[in-house]
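Asker: This is the structure I want to talk about, given as structure tokens.
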Amino acid sequence: MNKKRLAEAVAVMMLSVLLLHSCKENASSVSKQAPKEIISYSHADSIIFAAGYAQDYNKVLTLVDSFYNMGVISEINANRWRGVAYNYLGQQRSSEFYYKRVVNAKITNDADRFSYIKSARRLSELLVRRGAYEDALKVSLPALQQLSDSASENMKDKAILLSTIGTCQLYTNQRKQALESYDESYRLYMESVHADRTDRTINDAITGLGNIIRSLLNTEAYDVVEPWIVKMDSLEHELRTLEGRNEAYINIMNKHRADILLYKAGYLQGTNQPTLASQAYQEYLNTEFGQTAQGKIAANEYLMRANRFSEAAANYSILDEVIEGQGAEMNLDNIHDYIIPKLKANVKAGRRDSVVAMAVDLCDVLDSAIHKNKSDESAELATIYGTEQKETEIAHQKAKIAENEAELSNQRLITLGVVITLLLVFFTIYAFKRRQHEKLLTDANTKLAAANNELEVKNKDLTVAREKAEEASKMKTNFIMQISHEIRTPLNAVCGFSQVITMPGMEFGEEELAEINSGIVENTERITGLVNKMLELSDVANESGIEKTDQVTVKDIADAAVMKSGIDKATHLHFQTYVDHDLIEHTFASNLEQATRALSLLLDNAMKFTHPAEAAVKVAGGIDKMEKASLKVQPNGEDKVDFIISDTGIGVPPEEAEHIFEEFVQLDDYYDGTGIGLTLARSIARRLGGDIVLDTTYSPGARFVFTLPLEEKA
């Protein structure tokens with residue numbers, strides 16, 4: 001009787017365990033499939049498209065990540081939308097990164113093929129825009145083949161791809177192939193117009209033909225331009241015949257009409273028909289678009305071709321208004337597209353004063369644009385790197401979860417078998433076995449806890465190492481950017497002066513030449529000084545002493561340093577030197593060159609971090625307020641001398657007293673510099689047996705104390 005009941009109990013337990021295991025697996029399966037059942041691929045794509053249509057591209061990125069993590073959209077489709085979003089956000093590097101991931105991915109279905117075609121088309125357009133024609137061909141040609149092999153061929157995408165391919169061929173000296181590609185692109189545009197005669201379809205075709213004409217004019221292929229202008233003109237007339245046009249499309253039509261007249265003027269000028277070209281240009285000026293600020297800037301392409309440089313220069317006088325109206329930033333692309341042509345127009349027009357002023361402004365604008373471009377690229381690279389790291393971590397976590405689930409499933413089966421065996425065969429010793437397993441489990445938990453503790457220690461070590469690496473990377477980036485700025489600023493000035501004096505027809509008086517020569521010499525010496533300072537930086541880690549073979553006085557060092565720094569000639573501060581009377585004739589062993597170098601770096605620091613001369617208020621009888629700096633030399637005990645440099649500048653917080661002596665440290669980014677002057681000065685002082693410290697008790701500005709030993713003989 002007991003055996004029968006035992007068998008029944010075992011059977012019930014086995015059935016319960018199996019049912020529980022089955023329910024858990026079914027529940028897990030349902031939860032994993034639920035999102036796909038609730039939201040379809042097409043629905044998700046429509047939601048993302050709506051966010052993009054509303055120009056909320058940050059929301060697009062959020063939606064893409066959510067739908068991808070839910071498994072609703074594929075990785076290829078997710079990367080295609082990321083490329084679109086980053087493109088409209090102005091992050092071209094990130095956009096290209098995601099488009100390239102789509103182009104290089106394996107296509108398995110029609111949805112992936114659709115995303116591939118769109119991404120390849122947009123990527124090739126981005127590459128053409130920055131002149132990477134060979135790379136654009138490598139992307140667009142395979143995409144065109146995919147469209148040719150596709151049953152559901154998209155004529156618009158194919159037409160745009162063919163137009164892009166033609167442009168690449170034209171700029172890579174493949175004229176015959178380019179014209180064939182353009183002809184095929186036009187055929188497809190016309191097929192799409194005949195299949196769907198709407199304002200949007202016709203406008204797309206007109207825009208495509210405009211891009212073709214612009215490429216032909218820019219490459220001076222004037223012998224084939226006229227038929228394309230006729231084709232574009234015909235499509236523009238057809239667009240005007242449509243009914244129900246809204247105000248937006250009326251403005252678009254007026255823009256197309258103005259473009260056609262401007263293209264015609266450029267073609268006639270290129271084929272030596274200046275009178276007819278001038279008439280076409282006059283018609284362009286009478287259009288609504290031609291009278292706008294943007295229209296005047298666009299007209300300069302023709303004016304420059306026609307050598308009407310004065311008119312072009314006059315048009316460019318409203319360039320700032322156009323750029324501001326577009327809400328555009330003065331980045332490298334806008335400098336290339338607008339500022340450089342403006343400068344050329346003024347040069348050709350002989351406006352020397354405007355050219356000089358623009359050249360000076362160009363140096364500042366270009367420097368700012370380069371810095372911003374580097375910052376933007378750094379931010380984009382950080383985003384791309386973070387995305388790759390995130391995807392790697394997610395893949396690793398998924399693999400680990402799958403591994404743990406498989407291991408857990410095996411352990412469940414083994415445990416179930418052990419339980420059944422124990423119940424059937426060893427029921428009488430159940431209590432003993434239970435205690436034994438509990439002991440084993442306790443030991444395992446103890447080992448696991450120890451392993452976890454060890455892992456936590458390693459994680460902390462890794463965190464510290466990562467923070468140090470990030471700090472070093474940030475310091476390196478800041479240093480490179482600062483060095484770039486420090487070198488580029490005087491280099492741009494030298495280039496500007498050189499271009500001005502070598503410009504044909506320029507004449508200068510003796511005073512002007514002297515001023516230009518002074519500017520070139522001053523900026524050349526600035527570059528040379530920076531290079532020397534970088535070379536000296538290699539000796540910072542050198543702890544060996546400097547040979548003290550010179551017999552000098554403190555006055556020798558003070559006078560040489562003042563002359564080297566030029567602080568006594570600074571117009572924005574009042575400088576004085578005080579030397580203790582007992583030290584004037586006292587000689588001691590040192591190294592005059594190195595001691596002078598360390599002291600001059602401190603004087604440079606005092607001169608730089610006082611307020612500029614423009615801050616002084618000029619009144620009758622002189623300057624009411626002027627910043628001050630001083631050098632005081634006094635004994636420090638019987639065997640040392642202190643060179644004390646004080647100023648009334650911006651000062652240094654006491655908590656930064658040691659930090660400022662570290663390499664590349666700058667507390668205020670507003671001031672120029674590399675952040676290595678104080679580092680070099682302290683290194684030299686210590687190698688001479690002395691030291692340099694900040695006097696934290698001094699409050700009007702900053703005070704540094706440079707101490708040297710008074711050794712009697714070398």
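The values are calculated or read from the model by the stated rules, or taken from the named source; none is laboratory data. The model shown is predicted, which means the values in this text are computed figures rather than measured ones. Methodologically, a virtual Cβ is constructed for each residue, glycine included, from the backbone with ideal geometry; neighbour enumeration extends over all protein chains shown.
Asker: Can you tell me which residues in region 507-525 are out of contact with any Phe, Trp or Tyr (no Cβ under 9 Å at 6 or more places or on another chain) and surrounded by 14 or more Cβ atoms within 10 Å (Cβ to Cβ)?
Answerer: Within region 507-525, T524 is the sole residue that qualifies.
Asker: If R197 satisfies all but one of (1) in the same structural domain as G90 (by TED's automatic domain parsing); (2) outside any helix (DSSP H, G or I), what's the number of the condition it fails?
Answerer: (1)
Asker: If you don't mind, another one. Considering region 242-287 alone, what residues qualify as being modelled with pLDDT under 90 and in a loop (DSSP other than H, G, I, E, B)?
Answerer: L242, E243, G244, R245, N246
Asker: As an exercise: evaluate L61 against (1) surrounded by 14 or more Cβ atoms within 10 Å (Cβ to Cβ); (2) part of a loop (DSSP other than H, G, I, E, B) and give the number of the one condition it does not meet.
Answerer: Evaluating L61 over (1) surrounded by 14 or more Cβ atoms within 10 Å (Cβ to Cβ); (2) part of a loop (DSSP other than H, G, I, E, B) leaves (2) as the failure.
Asker: Let me ask another. Only one of these is of a type outside the set (D, E, K, R) and touching an Asp or Glu at 6+ places or on another chain (Cβ under 7 Å): S140, S66, S74. Name it.
Answerer: Among S140, S66, S74, only S74 is of a type outside the set (D, E, K, R) and touching an Asp or Glu at 6+ places or on another chain (Cβ under 7 Å).
Asker: Hey, another quick one. Quick one: is R80 in the same structural domain as D45 (by TED's automatic domain parsing), at pLDDT 90 or above and crowded, with 20+ Cβ neighbours inside 10 Å?
Answerer: Considered against the rule, which asks whether it is in the same structural domain as D45 (by TED's automatic domain parsing), at pLDDT 90 or above and crowded, with 20+ Cβ neighbours inside 10 Å, R80 comes out as yes.
Asker: Let me ask you something else. Return the residues of region 682-705 that are buried (at least 18 other Cβ atoms within 10 Å of the Cβ), under 22 Å from D550 (Cβ atoms) and in contact with a Lys or Arg (Cβ under 9 Å, 6 or more places away or on another chain); say none if nothing qualifies.
Answerer: I684, L688, G690, I692
Asker: If you take the residues in region 632-645 that are part of a strand (DSSP E or B) and touching a Pro at 6+ places or on another chain (Cβ under 8 Å), which one is surrounded by the most Cβ atoms within 10 Å (Cβ to Cβ)?
Answerer: Looking at the filtered set, the residue picked out is V641.
Asker: In region 120-161, how many residues are touching a Lys or Arg at 6+ places or on another chain (Cβ under 6 Å) and either surrounded by fewer than 17 Cβ atoms within 10 Å (Cβ to Cβ) or modelled with pLDDT under 90 (or both)?
Answerer: Qualifying residue count for the region: 2.
Asker: Let me spell it out: the conditions are (1) under 29 Å from C495 (Cα atoms); (2) modelled with pLDDT of 75 or more, and L332 meets all of them except one. Which number is the exception?
Answerer: (2)
Asker: What single numbered condition from (1) within 19 Å of S119 (Cβ to Cβ); (2) in a helix (DSSP H, G or I); (3) touching a helix residue (DSSP H, G or I) at 6+ places or on another chain (Cβ under 6 Å) fails to hold for D45?
Answerer: So D45 meets the others, but not (3).
Asker: Continuing with this model, one more query. For residues in region 182-210 being polar (S, T, N, Q) and more than 19 Å from E226 (Cβ to Cβ), which is surrounded by the most Cβ atoms within 10 Å (Cβ to Cβ)?
Answerer: Among them, the one singled out is S192.
Asker: For region 164-190, which positions are over 15 Å from L235 (Cβ atoms) and either in contact (Cβ under 8 Å) with a residue 60 or more places away in the chain or among the polar types (S, T, N, Q) (or both)?
Answerer: Within region 164-190, T164, T167, Q169, T172, N173, Q174, Q177, S181 meet the criteria.
Asker: Does any residue of region 164-176 turn out to be surrounded by fewer than 17 Cβ atoms within 10 Å (Cβ to Cβ) and over 21 Å from Y133 (Cα atoms)?
Answerer: no
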